[in-house]
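What follows is a set of notes on a single structure, which appears directly below.
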Amino acid sequence: MKTADFDFDLPEDRIALRPAQPRESARLLVVRGGALADHTIADLPGFLQPGDALVFNDTRVIPARLSGVRERIAEDGQTLSVEVEATLHHRDAPDVWSAFMKPGKRIKPGDRVVFQTLSATVQAKDDDGLITLAFDVAGAALDAAIAAVGVMPLPPYIAAKRPEDDRDRTDYQTVFAEHDGSVAAPTAGLHFTPALLEAIRARGVATHAVTLHVGAGTFLPVKADDTADHRMHSEWGEVSAATADALNAVRAAGGRIVCVGTTSLRLLESAATPDGVIQPFHGDTAIFITPGYAFRAADVLMTNFHLPKSTLFMLVSAFAGLETMKAAYAHAVATGYRFYSYGDGSLLFRS
């Protein structure tokens with residue numbers, strides 16, 4: 001398909017710069033069978049049925065944006081220094097991260113980068129812009145150093161409008177957050193509170209966790225004219241054997257799998273066999289879902305509103321239908337829904 005098929009107009013003032021307070025007060029657009037209905041997040045339990053399973057991503061966002069200086073020794077022996085910024089993407093080893101850096105064009109293997117008290121050497125540079133950084137410390141020591149010098153990696157469309165602050169340390173973290181590793185929040189989960197979860201469980205809906213460490217590639221635009229030419233960046237995820245067994249039992253009993261966010265959906269689809277059996281999963285996934293994809297695991301998807309021509313808008317179009325989602329997004333724009341990470345949500349029933 002053409003990438004242009006997934007374009008739409010979005011006014012700048014629809015981009016949310018802060019989450020709704022309280023979180024359950026955010027709006028919820030319910031999309032089912034081509035029909036659209038306006039609700040709030042607090043209404044979510046009413047759309048779930050006893051025996052359903054709610055699946056959320058329990059990854060925790062780390063302060064993955066690092067500011068520093070690239071140092072290089074010139075032929076005359078002088079040190080050439082340039083200010084740089086790195087957004088960590090994927091942990092490749094105890095002491096190695098791949099990252100997107102800017103300015104990145106002149107960075108080359110062998111360069112040293114100093115992020116305040118943390119230093120690294122550029123190991124490699126891929127054609128797609130990913131730069132491999134080998135740090136001088138590893139494991140827990142590296143985690144602590146990143147936490148000390150990094151800031152929360154707000155999405156570019158928010159960071160361009162205001163700086164990160166202390167409030168984002170809590171706002172940009174879900175109530176489920178448990179396992180460190182993401183450089184972007186699984187944003188549908190930002191709407192949940194302990195009270196909302198209690199109401200969902202009281203309705204007879206089970207809750208299960210999977211882990212997908214979201215990479216910075218989630219914010220990259222699709223530059224290819226044809227979706228078939230786009231390359232996804234891999235992300236690490238895990239579905240435990242116990243969770244896989246529990247979800248298969250839900251499906252066998254006639255319950256629905258309700259994914260909180262595209263991250264949990266992509267991970268479950270990566271773990272499912274062609275006949276819909278969810279298997280334990282531990283490793284990287286680069287699944288790219290576009291219209292025509294045959295869903296194996298997910299029945300219902302709760303997600304925020306996504307960027308034009310993004311892989312995530314392609315995914316929701318595959319799930320609920322391209323024309324349906326174009327109509328849903330046009331309605332959202334016209335009626336003042338707030339978009340992107342801190343914005344409102346939608347509840348999509350599979351077409």
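Quick notes
- The simple spin-label model puts a point 7 Å past each Cα toward its Cβ; for residue 277 and residue 108 those points are separated by 5.3 nm.
- The mean sequence separation of alpha-carbon pairs under 8 Å and at least six residues apart, normalised by the residue count of the chain, gives a relative contact order of 25 percent.
- Paramagnetic reach from residue 128 (point 7 Å along Cα→Cβ, amide N under 13 Å) across the stretch 87-115: 89-90, 98-100
- Of the beta bridges in the chain, as assigned by DSSP with both residues counted there, near 75 percent are antiparallel.
- Around residue 57: net Lys/Arg minus Asp/Glu count, Cβ-Cβ under 14 Å: -4
- Solvent-accessible area per residue, Å², over the chain with all protein chains present [probe radius 1.4 Å]: 42 Å²
- Crossing angle, helix 139-149 versus the chain [Cα axis fit, 0-90 degrees, rounded to tens]: 90 degrees
- Across the accessible surface of the chain, with the other protein chains kept in place and a 1.4 Å probe, carbon and sulfur atoms take up 51 percent.
- With the helix formula -39500 (n - 2.57) applied to DSSP H stretches of n ≥ 4, the chain reaches a computed 222 nm mean residue ellipticity of -6000 deg cm²/dmol.
- 20 Å Cα-Cα threshold exceeded, pairs from 105/309; 105/223; 223/309: 105/309
- Highest-fluctuation residue, 24, 269, 164 considered, GNM on the chain with Cα pairs under 10 Å: 164
- Pairwise centroid distance, computed over Cα atoms, of the stretch 163-188 with the stretch 277-316, Å: 21 Å
- Dividing the C-alpha radius of gyration of the stretch 1-148 by 2.2 N^0.38 Å, with N its residue count, gives 1.52.
- A DSSP coil position with no more than 10 other Cβ atoms inside 10 Å describes none of the chymotrypsin sites (Phe, Trp or Tyr not before Pro) in the stretch 102-161.
- Kirkwood Rh (inverse of mean 1/r, distinct Cα pairs), the stretch 208-310, angstrom: 14.5 Å
- Value of relative contact order over the stretch 61-152, rounded to a whole percent, pairs C-alpha under 8 Å and six or more apart: 31 percent
- Put simply, when 309-316, 15-22 are sorted by average Cβ atoms within 10 angstrom per residue, most first, you get 309-316, 15-22.
The values are calculated or read from the model by the stated rules, or taken from the named source; none is laboratory data. Keep in mind that what you see is a predicted model, and the values were worked out from it rather than measured. For neighbour counting, all protein chains shown are included, and Cβ atoms are generated from backbone atoms with ideal geometry for every residue, glycine included. These accessible areas exclude ligands, DNA and RNA; they are computed on the full protein's heavy atoms, side chains included. Shrake-Rupley method; radii C 1.70, N 1.55, O 1.52, S 1.80 Å.
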